Amino acid sequence: MSLPEAIKSAVYAAAHFSGLSSALAVRYRGRGTIFALHSIVDDDAFHPDHTLRCPVGKLEWILRRLRQQQLDFVTFDEAIERLSTPAARPFVTFTFDDGFADNLTKALPVMARFAAPFMVYVSTGMVTREIDAWWFGLAALIRSHDEVVIPGLGRFDCSDAPSKQRAYAAIEAAIHSDFDLLPAIRAALAAAGIQIRALVDKEALTEQQLRILSAHPLVTIGGHTTTHPNLARATPAAVHWEMAQNRAFLQEITGKPVNHNAYPFGHSGACGDREADICRALGFHTAVTTRPGMLFAEHRRHLYALPRICLTRGENPSTLHGKLNGLSRALNSRLGDPVAVM
């Protein structure tokens, strides 16, 4: 566990056992929660990019724990409908980003055992193997080296499993704060001979797997752009193309409408009102961010800026308790507005 994760876990534990997270729930819990995940992996697998990976056993533990909380597991469409129903029971809905093959091979069997519907937001480039998945390359670089040097960022110890995970988390966070660091990352990957396409081919859904996943009654397929760029750094025409072409691609493969969208990266530096306006104009019904927060009735007016709560391999009773009570939003907003929007 990296230091930031340890601190975060301690904060959630303190809030849980002091009663603070329960007290905050009065204002921050809302009506329901959209949970966000990416890849589901074997329990004993090591991945430097642990921020994107949730073990099968942890996913099963989370679902069992949520069931014990008497929460309804609903489809994404039903989650949105319940925002207009004040008497509706508390609910959760689940989303998986990017288009990992393990969403079919590992996540679906677990979700099916709990009758838990879920959305999979798929980028075209994952299926075609053309996505510039620098995060796969970064994980491969860290996995294969005892030390990594990134110009503009510095030197990172990668001599053992914990240090590799710390290095990945630190570099990933730095990139999300400054996407101008990506050329240095790509240069380091090229110097190490790392081929991103080959890494994507091992990780991503094929067209046939996407069809199988889409056909399952628990699964809804959503859009996630063509190349998975930072949309806030693209031109309006490029943003429109990214969303529209991705939607057409997914609808052609699945034979089903694609009504929901997820912004790549999803934080304030990657999407905003412009992206929401384009998404609305294209006819999507909703779009999700990664801004932390719960769902409130007010989100009926902000359907293209829906917040989510990320689930990780580090979940424990205190973190899950806090997340269900809106602690993530309370901390992120510094006890501000409980309704997270753009």
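Read-outs throughout are calculated quantities, based only on the coordinates presented, and are distinct from any laboratory measurement. All values derive from a computational prediction rather than experimental measurement. Here Cβ is always computed from backbone atoms with ideal geometry, including for glycine, and neighbour counts include all displayed protein chains.
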Order of Asp72, Asp98 from fewest to most other C-beta atoms within 10 Å?
-> Asp72, Asp98
Taking 7 Å along the Cα-to-C-beta vector as the label spot, tell me the Arg113-Arg143 distance in nanometres, rounded to one decimal.
-> 2.5 nm
Quick one: length gained pulling Asp160 to Arg274 fully straight, 0.36 nm per residue minus the C-alpha distance?
-> 36.8 nm
Rounded if a/c is under 1.5, else prolate if a/b is larger than b/c, else oblate: which is the chain, with a ≥ b ≥ c the root eigenvalues of its Cα gyration tensor?
-> rounded
Given backbone amide H placed at 1.01 Å from N, residues whose amide H is under 5 Å from that of Cys158, ignoring those fewer than 5 places away on the same chain, are Glu147, Val148
Fully extended contour minus Cα-Cα distance, from Ala248 to Glu78, at 0.36 nm per residue | 58.8 nm
Find the relative contact order for the stretch 132-203 and round it to a whole percent, using C-alpha pairs within less than 8 Å whose residues are 6+ positions apart.
-> 40 percent
Work out from phi, with θ = phi - 60° and the Karplus expression 6.51 cos²θ - 1.76 cosθ + 1.60, the ³J(HN,Hα) of each residue of the stretch 323-332, listed in order in whole Hz, and give x for Gly and Pro.
-> 5, 5, 8, x, 4, 4, 5, 4, 5, 5
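In percent, what relative contact order does the chain have, based on Cα pairs under 8 Å that are 6 or more apart in sequence?
It rounds to 24 percent for the chain.
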So how far, in whole Å, is the C-alpha centre of the stretch 16-71 from the one of the stretch 127-156?
-> 27 Å
Please build a GNM for the chain, connecting alpha carbons under 10 Å apart, and tell me which residue among Gly125, Gly154, Gly57 fluctuates the most.
-> Gly154
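Need one word for the stretch 1-141: rounded, prolate or oblate. Basis is the Cα gyration tensor (sqrt eigenvalues a ≥ b ≥ c); a/c below 1.5 gives rounded, then a/b vs b/c decides.
oblate
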Around Ala232, what is the net charge, scoring Lys/Arg as +1 and Asp/Glu as -1 over all other residues with Cβ under 10 Å from its Cβ?
-> +1
Potential lengthening between Thr206 and Trp61 on full extension [0.36 nm per residue; Cα-Cα distance subtracted] | 49.4 nm
So which chymotrypsin sites (Phe, Trp or Tyr not before Pro) in the stretch 1-72 are both in a DSSP loop and have at most 14 other Cβ atoms within 10 Å of their Cβ?
-> Phe46
Counting Lys and Arg as +1 and Asp and Glu as -1, what is the net charge of the other residues whose Cβ lies under 13 Å from the Cβ of Ile142?
-> -2
What's the exposure ranking of Leu181, Leu311, going from fewest to most Cβ atoms within 10 Å?
-> Leu181, Leu311
Nearby aspartates and glutamates by direct alpha-carbon distance to Lys323 (threshold 13 angstrom, same-chain neighbours under 8 apart not counted) = Glu315
Post the alpha-carbon centroid distance, the stretch 182-208 to the stretch 282-306, in whole angstrom.
-> 31 Å
